[in-house]
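The values are calculated or read from the model by the stated rules, or taken from the named source; none is laboratory data. Just so it is clear, the model here is predicted, and its values are computed rather than measured. Cβ coordinates were reconstructed from backbone atoms using ideal geometry, including for glycine residues, and neighbour counts include every protein chain displayed. Surface accessibility is based on the protein's heavy atoms, side chains included, excluding ligands, DNA and RNA. Shrake-Rupley method; radii C 1.70, N 1.55, O 1.52, S 1.80 Å.
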Amino acid sequence: MAAGYLEILRARHAARLLTGTLVGRLPNATAAIAIVLFVRAQGGTYSLAGALAAVYGVANAVGQPVLGRLVDLHGQPRVQLPSAVLSALAMAVFAFTGTDPLPLAYVAVAAAGLFTPPLEGGLRALWPSVLRREDQVHTAYAMDAVAQEVMFTVGPLLVTLCASLWSAQAALVVLNVIGVLGALSVVVSPPSRAWRSGPREAHWLGALRSPGLLVLLGAFLFVGIALGSITVASVPYADEHGGDAVYGWLLAGIGLGALVGGTVYGARQWAGEPARRLRVLVGLLAVCYLPLTLMPGAVAMTLLMVLAGVFLAPVIACAFVLVDRHAPAGTVTEAFSWIVTTFTVGASVGTGLAGPVVEGGGALWGFAVPGVAGGVSLLVLLVTGGVLTAPVGGAVVASSSENDPNRAAEPRFSSGDRA
């Protein structure tokens, strides 16, 4: 299993790009908890902390596809590094001025979210130029999805450690400085400096003019809703079964499941059409959400959470392949950024939706939401039928691409972005 991943990491620049991207995304992965801890240290209420974190999240969701389009137009170094610096400076303003005056706090966190560099989409645009075989790129997508789970697990621990050793203010500043260094490591690398987006057709919709991408965004919105609702439904369950420690184990269980599932998925090559495979994976994801409504004891519930996370990273990795195939020429970074935005918006919607559901029906109905959302995601993929399997205009046929049992070649990556 490790051989495929080691082959990726041995490729020139691959380890540096992956590490730099993860470090550069550290401020984004830790922003919500860092803002909450800082506001509470300032004597603010949880409502204020939640509002500021929400403003950051909304601004980030808006900024990712906008900056992604700028990357496609002007290259990575000219966009990624300046936006990382602006985001860090905005968060530093928030850290040193605090919540008074309040309007300045809102403006600062909004700017920090808006200018967060689209490093995630940028890395996925770089993989085809760093890894010369298409099967390696597929493995890299899976490794990327697994690395995300590690970052979103380790990141909050780093925030709390930094806040306990120094202060919540120091955590905000230090993590954003580290993020700028990570972005710098990426943009000065030869693949990032040499990367150019493919020729693009001028169109105000950009990547959104692709029907295939719209289908993926529709499906991923409901996957995000499922995850967001789980975080809320787990709170009343944990209150009845041991408190905060149980809540931490439940969320860690989902991360562990995604880590295991993504690692296994990326360790082998998969035959057949990825659009059909995505439908199967989303169906399995939805089915694995259903046992959560059983609500057994804390240990068993943690194991069910692990099961609920197993197919998350494979779904994300498979979707990455389809995003690259369906992104219109010259819009690959923007297309990946739209996936990030849609997932974020979905999680926010799921959090807001699960609150009233839990208040009205308790944790049981809260845990029913992810199963329903997963089912709707599958329904979106089924109803849209052959949109994702339709040939992509202008795609080239590659013998090294994923092949069906009859050895019929599928279109290779549509981005055409080669260093």
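Going residue by residue through segment 115-132, is there one that turns out to be surrounded by fewer than 17 Cβ atoms within 10 Å (Cβ to Cβ), among the charged types (D, E, K, R) and over 17 Å from L18 (Cα atoms)? Checking segment 115-132: not a single residue is surrounded by fewer than 17 Cβ atoms within 10 Å (Cβ to Cβ), among the charged types (D, E, K, R) and over 17 Å from L18 (Cα atoms).
Considering only segment 164-177, state which residues are open to solvent by 60 Å² or more (accessible area, probe 1.4 Å) and either in contact (Cβ under 8 Å) with a residue 24 or more places away in the chain or outside any helix (DSSP H, G or I) (or both). Matches in segment 164-177: W166, Q169, V177. Among the residues of this structure, D72 does not count as one that is at pLDDT below 95 and not in a helix (DSSP H, G or I). Take the conditions under 18 Å from L26 (Cβ atoms) and either in contact with a strand residue (DSSP E or B) (Cβ under 6 Å, 6 or more places away or on another chain) or of a type in the set (S, T, Y) (or both) and apply them to S234. Does it pass? No: the conditions fail for S234. Here segment 35-52 is the region considered, the condition is being of a type in the set (V, I, T) and assigned to a helix (DSSP H, G or I), and the residue that is surrounded by the most Cβ atoms within 10 Å (Cβ to Cβ) is I35.
Yes/no per residue for (1) of a type in the set (V, I, T); (2) surrounded by fewer than 23 Cβ atoms within 10 Å (Cβ to Cβ); (3) under 30 Å from A271 (Cα atoms):
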residue	(1), (2), (3)
M151	no, yes, yes
P156	no, yes, no
G179	no, no, no
S189	no, yes, no
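Evaluated against (1) outside any helix (DSSP H, G or I); (2) surrounded by 20 or more Cβ atoms within 10 Å (Cβ to Cβ); (3) of a type outside the set (V, I, T), A108 falls short on exactly one condition, (1). The condition of being modelled with pLDDT under 90 and surrounded by fewer than 23 Cβ atoms within 10 Å (Cβ to Cβ) holds for only one of A32, A14, that being A32.
For segment 326-338, filtering for residues that are part of a helix (DSSP H, G or I) and open to solvent by 10 Å² or more (accessible area, probe 1.4 Å) leaves 2.
If you go through segment 263-303 and keep only what is open to solvent by less than 40 Å² (accessible area, probe 1.4 Å), within 19 Å of A219 (Cβ to Cβ) and in contact with a helix residue (DSSP H, G or I) (Cβ under 7 Å, 6 or more places away or on another chain), you end up with Y265, P274, A275, R277, L278, L281, V282, G283, L285, A286, C288, Y289. With respect to the conditions (1) at pLDDT below 90; (2) surrounded by 22 or more Cβ atoms within 10 Å (Cβ to Cβ); (3) in contact with a Leu (Cβ under 9 Å, 6 or more places away or on another chain), A238 falls short on a single one, namely (2).
Take A145 and decide whether it is under 12 Å from the mean Cα position of the chain (by Cα) and hydrophobic (A, V, I, L, M, F, W, C). Yes; evaluated as a whole, the condition is true for this residue. For the list (1) without any contact (Cβ under 8 Å) to a residue 60 or more places away in the chain; (2) open to solvent by less than 10 Å² (accessible area, probe 1.4 Å), I need the number of the one condition that V55 fails. So the condition that V55 fails would be (2). Filtering segment 325-339 for residues that are of a type in the set (V, I, T), closer than 27 Å to G253 by Cβ and modelled with pLDDT of 85 or more leaves a non-empty set. Against the criterion of being farther than 16 Å from I8 by Cβ, among the basic types (K, R) and modelled with pLDDT under 80, R193 does not qualify.
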